[in-house]
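Have a look at the structure below, then the notes.
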Amino acid sequence: MSGSISKSKSPAEKSPGRAAKASQVASNRVVIFDTTLRDGEQSPGASMNLEEKIRIAGLLEEMGVDVIEAGFPIASNGDFEAVREIAKLVKTASVCGLARAGRMDIDRAWEALQHAARPRIHTFLSTSALHMKYKLQMTPEAVHQAVIDSVSYARNLCDDVEWSPEDGSRTDHDFLCRTVESAIKSGAGTINIPDTVGYAVPEEFAALIRMLVERVPNIDKAIISVHCHNDLGLAVANSLAAVGAGARQVECTINGLGERAGNCAMEEIVMALKTRQDAMPYVTGVKTDYITRASRLVSTITGFVVQPNKAIVGANAFAHESGIHQDGMLKHAGTYEIMTPESVGLNRSTLVMGKHSGRHAFKMKLQELGFDLGDNALADTFRRFKDLADRKKEIFDEDITALVDDEVTRAHQRVKFVSLQVVAGSKGPQTAELELDIDGELHHTKTTGNGPVDATFNAIHALVPHDARLQLYQVHAVTEGTDAQAEVTVRLEEMGKSVNGQGADPDTLVASARAYLHALNKLFTKRAKTAPKAMSA
C-alpha cells in the first residue's frame, strides 16, 4: 500500500468530459460551415464551373465563413479539381471535402485537400434502420465497424475529421449514441447530425441534441454540428433550436440552395443570431454586410432567382407598400424594420450614374457595390453601361449589378452572344437573325419560329445543335418602369442533367438569348460529370 492519500473525486472527475461538455455548451461562438459548393450544387440545374466555384469560395472566405465544403472529390474530375484549387487558394477558412466511408473516397478527398492551410475530411455513413436495410443493405454491427474504420483511416491522413450519421434525425437513439461515441474515439473532432430529409420539428430536434450531450460520454471532445434540410420549411428553425441545445456548428448554404427544398439558409441563420441576441446570445464570424453580395453572386452563377419575399435577401425584404407601414417608417425605421438594409450590404447609393458618367465614376460605383473587375471585364461592362444609359432614363444600382453579373457569366463561355435581330408581330412569320462567337469563330443564321422567343431559340439550335429540352423560361424586370432591364432564367435538361442559365438586357429577347447560351455552356461542362450517389444531408 502506498503512502499517497486518495482524494475524493468531483462529479466532473467521476464522469469524464462532463465539465468540458458544460464548457462547450456555454461557449457562444457558432461555427458557420458553408456547403453551397457541395450540397448547393446538388440542386437540379445548379452546376458551377471551376472559375465560378473559386469566385464563390473567395467571397465566402472574405465574408468570414469558418468552413467551406468545396465539393465531393470522388464525384468527378471537375469536383476534384475544384476542391484541389480552392484548397490551394483559401488561407483563413478550413476547406472541406466530402467522402463516403470507403477508403477510395477518403483517399481521393485527401489527395484534393492535402495542400490546404486548414484541410478537413468530412466522411459519412447512413445510420437509420430504413437506410441500413434498404440503401446500404448492411447490419447495424457492420455499419458500426465501418464508422470506426472510416473515421480512423481519415484521421490518420488529416488532423481535422468530421463524421455524419446520414438520416441521423430518424436514427434509433441508442445506436446513434453508440456510433457517435465510436466516431469520436476514432478521431472525429466534429460530429454532424443531419436532418437529411427535413423531417424534424424544432422541439424534437433540440431534444435530440440534448440527448447526445447527456448520453455520449466523450461528446466534450467534439463540436456538435447540424445540417438541416428544408422540406417542411423548418431548416433554420431546427438549426436555431439545435444551437440552443448545445450545437456549435451550423451547416448551411447561400440563399438556402440545396437539393429538393434546399438547406438552412446562411443569411437567415446569421441574421437571426445577430438580430435576436436577447433570445439567442450567440455570435458568428460572418461579416453580414457581405450577405447581399454573396446572395446575388450565387443567384447569378447558378441561375436560381431569389424569390421577392425571401427573408433577408429578397427584393421585398426592405420594401414597404402599406400606407400604415410607410407612415411608421417615415417617423422611425424601427417601427417596421428589425434590421437595417445596410447591415446586410444594401448600402445607400452615394453616386448617381447616368449617360454622362465617366469610367472613373463607374469604377468607383462598382467598388461601392462590392465589385472588383479586371481591366478587360471593366472595359466591357462600362461599354454595356453606356449603351444602357443611352436607352434607359434612370440607372439604378440593380441595373449595374445585373450588367456585372451578366458579364461574369459570359467570361468563360465557349459560345458567346454577338448580335440578334428579330422580326415579330401578329402578321408573322416571326424571324430571328443571330450571330454567335463559337470557340473564337463567328457564325450566322436566320430562322423562323412560333413567336420571337421560339425563333431566337431555334436560331441558337441551328448554330449549336443539341438535344437539350427547355424546362423553364422565366422573365422578370430588374427595376421598375417600361424601360427596365429584363432578367431571364432558362432551364435546360439533357439525359437527366439539368442546368439553369441567366441573362440580362433591356431587350427581353437579347436577355433570353444570353440566358439560353449561359445554360447551354453550363450543359457542355456538365456533360463530363458523372457523379456517384452523394450525401443527401
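Among the candidates H476, H518, the residue that is in a strand (DSSP E or B), in contact (Cβ under 8 Å) with a residue 60 or more places away in the chain, within 22 Å of T401 (Cβ to Cβ) and not small (G, A, S) is uniquely H476.
Residues in region 256-281 that are under 16 Å from E41 (Cα atoms), surrounded by fewer than 22 Cβ atoms within 10 Å (Cβ to Cβ) and among the aliphatic types (A, V, I, L, M): A261 alone. Against the list (1) loosely packed, with under 11 Cβ neighbours inside 10 Å; (2) assigned to a loop (DSSP other than H, G, I, E, B); (3) at pLDDT 80 or above, the condition H360 fails is (2).
Check whether at least one residue in region 233-250 is among the polar types (S, T, N, Q), in a strand (DSSP E or B) and at pLDDT 95 or above, and report yes or no. Yes; the residues of region 233-250 include at least one that is among the polar types (S, T, N, Q), in a strand (DSSP E or B) and at pLDDT 95 or above. Scanning region 262-272 finds one or more residues that are at pLDDT 95 or above, of a type outside the set (A, V, I, L, M) and touching a strand residue (DSSP E or B) at 6+ places or on another chain (Cβ under 6 Å). In region 282-295, is there at least one residue being modelled with pLDDT of 90 or more, surrounded by 13 or more Cβ atoms within 10 Å (Cβ to Cβ), among the aromatic types (F, W, Y) and assigned to a loop (DSSP other than H, G, I, E, B)? Within region 282-295 (the criterion being modelled with pLDDT of 90 or more, surrounded by 13 or more Cβ atoms within 10 Å (Cβ to Cβ), among the aromatic types (F, W, Y) and assigned to a loop (DSSP other than H, G, I, E, B)), the answer is yes, since at least one residue qualifies.
Exactly one residue among T479, T456, T530 is of a type in the set (S, T, N, Q), modelled with pLDDT under 90 and surrounded by 14 or more Cβ atoms within 10 Å (Cβ to Cβ), and that residue is T479. Checked against the criterion of being in a loop (DSSP other than H, G, I, E, B), more than 18 Å from V65 (Cβ to Cβ) and touching a Gly at 6+ places or on another chain (Cβ under 6 Å), region 201-216 has no qualifying residue. Considering A117, A200, the condition of being surrounded by 20 or more Cβ atoms within 10 Å (Cβ to Cβ) and small (G, A, S) is satisfied by A200 alone.
Checking region 143-153 against the condition returns a match, with at least one residue being surrounded by fewer than 17 Cβ atoms within 10 Å (Cβ to Cβ) and of a type in the set (D, E).
None of A513, A486 is closer than 16 Å to G303 by Cβ, outside the structural domain of E52 (by TED's automatic domain parsing) and modelled with pLDDT of 95 or more except A513. Taking region 389-424 as the range and being touching a residue at least 60 places away in the same chain (Cβ under 8 Å), crowded, with 17+ Cβ neighbours inside 10 Å, out of contact with any strand residue (DSSP E or B) (no Cβ under 8 Å at 6 or more places or on another chain) and within 17 Å of T300 (Cβ to Cβ) as the test, the residues that pass are F396, E398, D399, T401, V408, Q413. Assessment of region 146-162 against the conditions (out of contact with any Asp or Glu (no Cβ under 8 Å at 6 or more places or on another chain), of a type in the set (G, A, S), touching a residue at least 12 places away in the same chain (Cβ under 8 Å) and under 22 Å from T35 (Cα atoms)) yields at least one matching residue.
Got at least one residue in region 174-184 being of a type in the set (D, E), part of a loop (DSSP other than H, G, I, E, B) and farther than 14 Å from H122 by Cβ? Within region 174-184, not a single residue is of a type in the set (D, E), part of a loop (DSSP other than H, G, I, E, B) and farther than 14 Å from H122 by Cβ. Looking at the structure I just gave you, is A504 at pLDDT below 90, assigned to a loop (DSSP other than H, G, I, E, B) and in contact with a helix residue (DSSP H, G or I) (Cβ under 8 Å, 6 or more places away or on another chain)? Considered against the rule, which asks whether it is at pLDDT below 90, assigned to a loop (DSSP other than H, G, I, E, B) and in contact with a helix residue (DSSP H, G or I) (Cβ under 8 Å, 6 or more places away or on another chain), A504 comes out as no. Across region 433-453, the qualifying residues are those that are part of a strand (DSSP E or B), in contact with a helix residue (DSSP H, G or I) (Cβ under 6 Å, 6 or more places away or on another chain) and of a type outside the set (V, I, T), and the one among them that is surrounded by the most Cβ atoms within 10 Å (Cβ to Cβ) is L434. Candidates T171, T190: the one that is under 29 Å from H115 (Cβ atoms) and within 28 Å of the chain's Cα centre (by Cα) is T190. For region 46-91, a residue qualifies if it is buried (at least 24 other Cβ atoms within 10 Å of the Cβ) and at positive phi, and exactly one does: G71.
The values are calculated or read from the model by the stated rules, or taken from the named source; none is laboratory data. The structure displayed is predicted, hence computed values, not measured ones. Cβ: placed from backbone, ideal geometry, glycine included. Neighbour counts: every protein chain shown.
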